[in-house]
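Heads up: the structure comes next, in structure tokens.
The values are calculated or read from the model by the stated rules, or taken from the named source; none is laboratory data. Note that the coordinates shown come from a computational prediction; the quantities given were computed from them, not determined experimentally. Counting neighbours? That spans all protein chains shown, and the Cβs are built from the backbone with ideal geometry, glycine included. Each accessible area value is taken on the protein alone, full model and side chains, heavy atoms only, with ligands, DNA and RNA left out. Shrake-Rupley method; radii C 1.70, N 1.55, O 1.52, S 1.80 Å.
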There are 2 protein chains.
Amino acid sequence: MKIFTSTAIAHPNIALIKYWGNKNQILRIPVNGSISFNLDRLFTKTQVSFDSELTADILFINGIETTGSGLSRVVSFLNIVREIAGKQIFAQVNSENNFPVGTGIASSASAFAALSLAASNAIGLNISEKELTCLARRGSGSASRSIPDGFVEWFPGETDSDSFAVSIAPSTYWDLVDLVAVVSHEHKKVGSTAGHELANTSPLQSARVEDANRRLDIVRKAIINRDFQAMAEMVELDSNMMHAVMMTSSPALMYWENTSISIMKNVQKWRASGIPVCYTMDAGPNVHVITTKEYSENINQRLASMSGIKQIFTAAVGGKTRLVEN
Amino acid sequence: MKIFTSTAIAHPNIALIKYWGNKNQILRIPVNGSISFNLDRLFTKTQVSFDSELTADILFINGIETTGSGLSRVVSFLNIVREIAGKQIFAQVNSENNFPVGTGIASSASAFAALSLAASNAIGLNISEKELTCLARRGSGSASRSIPDGFVEWFPGETDSDSFAVSIAPSTYWDLVDLVAVVSHEHKKVGSTAGHELANTSPLQSARVEDANRRLDIVRKAIINRDFQAMAEMVELDSNMMHAVMMTSSPALMYWENTSISIMKNVQKWRASGIPVCYTMDAGPNVHVITTKEYSENINQRLASMSGIKQIFTAAVGGKTRLVEN
């Protein structure tokens, strides 16, 4: 009996410029680039044990054996890893999140980032960070952005090997904080993978994509200059543009709940009053309220006083995906 | 002393395919065509008295003398009428709405439609309905659609004389009902005229405009066929597309309030359950819920049981702008 085990930790990330729609759905090559930062404190920890005695892959999420579509997606991913390694050996995967699933925090990003590193290391692959971002992308597009440190840009590319992500500034570069205002704990009706396939049914998607490089340039520059105001306007525009595409696709995807609107409107008022704060929303009803460490407690109190918010998660800028002791 | 008086009544209208953005701001020549129906029971009644003893135009709205920007807009409009008629004579305008202003019901449409007919008739112009739609357009774009009967299409055109509106079906053709769910009585911060000027600052506006003929064709055909389902999907898509442009313009215009979202989501659920109902929103937070006469009371009760709705106006399909006794 041979067992090869590795364990990795990865953070979820919040996109400031969003990923929505693929030009290659199988390879998850996106139609436009995106920029995000990792969320510290929140993480997925995944242990992968390749075991010559196993006759199939087994998956445990938070201690519960998982089958069905969750398992299939992991098996498909492990097939890619096995193909690269040239080894036929099955694995037991134990994955744990320290944050609830379906709360607007992309658990698939941290899950596939951690799985990529743990699986590739356990099976004996020695791959670069760039290659690891490509591998993670195959499991979940946004997982590529959870691999590098801090603030990360994912270049869309055209092929499997040139659609990769890099750190554009380390986690210590700018003390941003993401306050995730949880509006609903309901699991989203249309997941991101299915949603990406709908992007092209919106008459607005091509215009969103054509304008993406402009938005990426402004946000990349704003991060480098730590220019909150320049970042804020573009981050909100980009979030609104993605939701504009979602709500004009067929069928229409309306992820916003009534409290989401109240939060977005309040955030705009708070910023107009001089506070560095902006909002962004992923494919769900919860609102990510971005501010600086200095204003984090202030904004937390303002959010806490609003009705309709069930919970607030707070995260600073997080580090890269890394191996830990088994 | 010579006094020439005429009085006209005009209904507001609700656009099923929206007008947002002009290619000629002065002449109010829109970037895309639009389709609407008039709203019966709601109306503006306007009396215009050209009086050789007046030294300036005077405006009374609901019995109160109005100056400032409200008066200037009417004076500018009367200047056009005077120029066409070749007469230099000032007017007293008495305008009354039987519905509150700033409730998401476009009072400028019915106001300028009624003013167009009353003023042109009083000053002795004998113009066709088509010409009247062009004249009304100069006061407020959507006023052109309040001139003809029932269901109306406004062709965008390129010049003052070919940007006109026609009835595509009479008011008796299809027994639709508009239930206007009033979410907020606050006067909108950015009016339509200013909003139209912002349309081009959205990266999504050109895509919205390019797709407009497709949407117009589908809705025109759906009206002719009295096909609620085909109309419903396109009406909601078109409303979402206009708000997508609004919320991605600079500065962003977010007209939706939290209750607006709740209503839109409920309407979609109700339609999914088999009821012919759809929503559309103009440049304000209130939601126009469109259904058929058969389901009108049912939908009214459903809306009345929701929280956050301050008032519900109900209107069937209305007739054309017409002269009445002074």
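What is the helix-to-structure angle for B:258-272, meaning the angle in degrees between its Cα long axis and the longest Cα principal axis of chain B, kept from 0 to 90 and rounded to the nearest 10?
Compared with the principal axis, the helix lies near 60 degrees.
Roughly how tilted is helix A:293-304, in degrees to the nearest 10 and between 0 and 90, from the longest Cα axis of chain A?
Taking Cα atoms only, the helix is inclined about 80 degrees.
Using protein chains only (no ligands, no nucleic acids) and a 1.4 Å probe, work out which residues of region B:194-236 have their accessible area cut by at least 20 Å² relative to the chain alone.
B:Pro203, B:Leu204, B:Ala207
Cα atoms only, region B:176-316: Rg and Dmax in Å?
Expressed in Å, the Cα Rg and Dmax of region B:176-316 come to 15.3, 42.
So for region A:248-326, averaging the separation of alpha carbon pairs under 8 Å that are six or more residues apart and normalising by length, what relative contact order in percent results?
Once normalised by length, the contact order is 23 percent.
What is the sum of charges, Lys and Arg at +1 and Asp and Glu at -1, for the other residues whose Cβ falls under 13 Å from the Cβ of B:Cys134?
0
If you build a Gaussian network model of chain A, linking Cα atoms that sit under 10 Å apart, which residue out of A:Ser128, A:Ser206, A:Ser262 swings the most?
Result for chain A, Cα springs under 10 Å: A:Ser128 fluctuates most.
Can you compute the helix-only [θ] at 222 nm over chain A? Use -39500 (n - 2.57) per DSSP H run of at least 4 residues, normalise by all residues, nearest 500 deg cm²/dmol.
-11500 deg cm²/dmol
Relative to 2.2 N^0.38 Å, what does the C-alpha radius of gyration of region B:3-172 come to as a ratio? Two decimals please.
0.96
How large is the accessible surface per residue of region A:68-207, computed with a 1.4 Å probe and reported in Å² as a whole number?
Spelled out: the 1.4 Å probe surface of region A:68-207, per residue, equals 37 Å².
Out of B:Trp20, B:Trp270, B:Trp154, any idea which swings most in a Gaussian network model of chain B, alpha carbons joined below 10 Å?
Residue with maximal mean-square fluctuation among B:Trp20, B:Trp270, B:Trp154: B:Trp270.
Every other copy gets compared here: list the nm distances from the A:Val101 label point (7 Å along Cα to Cβ) to its counterparts, shortest first, one decimal.
Result for A:Val101, in nm, nearest copy first: 5.6.
Averaged across A:260-269, how many Cβ atoms of other chains sit within 10 Å of each residue's Cβ atom?
Mean shielding by partner chains, rounded to a whole number: 3.
Kindly compute the accessible surface that chains A and B hide from a 1.4 Å probe when together, both sides summed, and give it to the nearest 100 Å².
Summing both sides, the interface buries roughly 2000 Å².
Would you mind getting the Kirkwood hydrodynamic radius of the protein assembly as shown from its Cα pairs, rounded to one decimal in Å?
For the protein assembly as shown, inverting the mean 1/r across all distinct Cα pairs yields 26.9 Å.
Where in region B:162-183 does the label zone of B:Lys130 land, with the point 7 angstrom along Cα→C-beta and an amide N cut-off under 19 Å?
Within reach of a label on B:Lys130: B:162-170.
Under a point-charge model restricted to the Cβ atoms of Lys and Arg (+1) and Asp and Glu (-1), what is the dipole moment magnitude of region B:3-172 relative to its Cα centre, in debye to the nearest 20?
It works out to roughly 320 debye.
Pick from B:Thr55, B:Thr172, B:Thr280: which residue has the top mean-square fluctuation in a GNM of chain B where Cα pairs under 10 Å get a spring?
Ranking B:Thr55, B:Thr172, B:Thr280 by mean-square fluctuation puts B:Thr55 first.
Under the convention of a label 7 Å out along Cα→Cβ, give the distances in nm from A:Gly68 to the same position in every other copy, shortest first.
For A:Gly68, the inter-copy label distances come out at 5.9 nm.
What number does region B:37-128 give for Rg over Rh if you use C-alpha atoms and the Kirkwood radius?
Rg/Rh: 0.96.
Can you tell me the accessible area per residue over region B:211-276, all protein chains present, probe 1.4 angstrom, in square angstrom?
That works out to 35 Å² per residue.
Label-to-label distances across copies for A:Arg41, with labels 7 Å out along Cα→Cβ, in nm, shortest first?
So the distances to the same position in the other copies read 5.3 nm.
Averaged across the residues of B:237-248, what count of C-beta atoms belonging to other chains lies within 10 Å of each residue's C-beta?
Mean partner shielding for this stretch: 6.
As I understand it, the value is the acute angle between the Cα axis of helix B:68-85 and the longest principal axis of the Cα atoms of chain B; what does it come to in degrees, rounded to 10?
60
Can you give me the convex hull volume of the Cα atoms of chain A, divided per residue and expressed in Å³?
Value for chain A: 122 Å³ per residue.
Roll a 1.4 angstrom probe over the protein heavy atoms and tell me the percent of accessible area of chain B that is carbon or sulfur.
50
Between B:Ser273 and A:Arg322, what FRET efficiency follows from the Cβ-Cβ distance if R0 is 56 Å, with the result rounded to 0.05?
0.65
What percent do you get for the relative contact order of region B:1-93 when only Cα pairs under 8 Å and 6+ apart count?
So the answer I get is 31 percent.
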